[in-house]
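Written out below as structure tokens is the structure these notes cover.
The values are calculated or read from the model by the stated rules, or taken from the named source; none is laboratory data. None of these values were measured; they are calculated from a predicted model. Every residue, glycine as well, gets a Cβ built from its backbone with ideal geometry; the counts of neighbours run over all protein chains shown. Remember, those area values only see protein heavy atoms, side chains included, never the ligands or the DNA or RNA. Shrake-Rupley method; radii C 1.70, N 1.55, O 1.52, S 1.80 Å.
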Amino acid sequence: MNTRRPPLGQRLAAWRWAVPATGTGLVLGTTVATWWAVGDLSTGATFSFSSSYVEPLVTSTAAQHTLGVAALVTLALSVALRSALVRWRGYDPFWWSVLMPLLLAGVIGGWSWRVLTMTTSSINLLVGFVVYLVLPFLGALVLGTALRAAVLLRRRHRAAADRAVTTGG
């Protein structure tokens, strides 16, 4: 009976799915947890005319609480698995330069969604701020992150091609 453990590279290959899964879990979990933590920003008074810029997708308090707790659980699991990957050296540290701006975009996006869905009785300056300043900033942030990811992927493919040439395979 062979009791030797496989090399680290083979063990990490089985966990390759965890890198994009934890990244997605972190970004989505951060966005929803921020949305839940900010809470409803609507004014408490009732008016004859009240409107929101965008209708909220979830209006039930219980459903909002369930989504918030699920987001926190997703964040906890993603952080635990990502920490294990970093400890096992199965994660390229340069990818933090892609993940951190996306986490910032998630925080800003969760807050912005609450601003866009709050009910007010008059024109809201925060909605204008979000629509004309924050959303273009988020677009630029995500575009810059996508370009950084493309550079990292190109660097990885180029390094793999160089290794294939030097090893003869």
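In whole angstrom, note down how far apart the Cα centers of segment 106-164 and segment 48-79 are.
Cα centroid of segment 106-164 versus Cα centroid of segment 48-79: 20 Å apart.
Tell me which trypsin sites (Lys or Arg not before Pro) from segment 49-94 have a DSSP coil assignment and no more than 12 other beta carbons within 10 Å of their own.
Arg89
What number in nm² do you get for segment 75-133 if you take the convex hull of its Cα atoms and divide its surface by four?
That works out to 5.3 nm².
Compute log10 of I(q)/I(0) for segment 67-169 with the Debye formula, placing one identical point scatterer on every Cα and leaving out solvent, at q = 0.23, 0.24 Å⁻¹, to two decimals.
Log-scaled intensity ratios, in q order: -1.21, -1.23.
Sort Met118, Met100 from largest to smallest accessible area, using a 1.4 Å probe on the heavy atoms of the protein chains.
Listed by decreasing accessible area, they come as Met100, Met118.
So what's the net charge close to Thr119: Lys and Arg +1, Asp and Glu -1, counting the other residues with Cβ under 10 Å from its Cβ?
-2
Scan segment 67-169 for chymotrypsin sites (Phe, Trp or Tyr not before Pro) in coil per DSSP, keeping those whose Cβ has at most 15 other Cβ atoms within 10 Å, and list them by number.
When the chymotrypsin sites (Phe, Trp or Tyr not before Pro) of segment 67-169 are filtered for loop state and at most 15 Cβ neighbours within 10 Å, Trp88 remain.
With only Lys, Arg, Asp and Glu charged, each at its Cβ (+1 for the first two, -1 for the last two), find how big the charge dipole of segment 23-169 is about the Cα centre; round to the nearest 20 debye.
My answer is approximately 820 debye.
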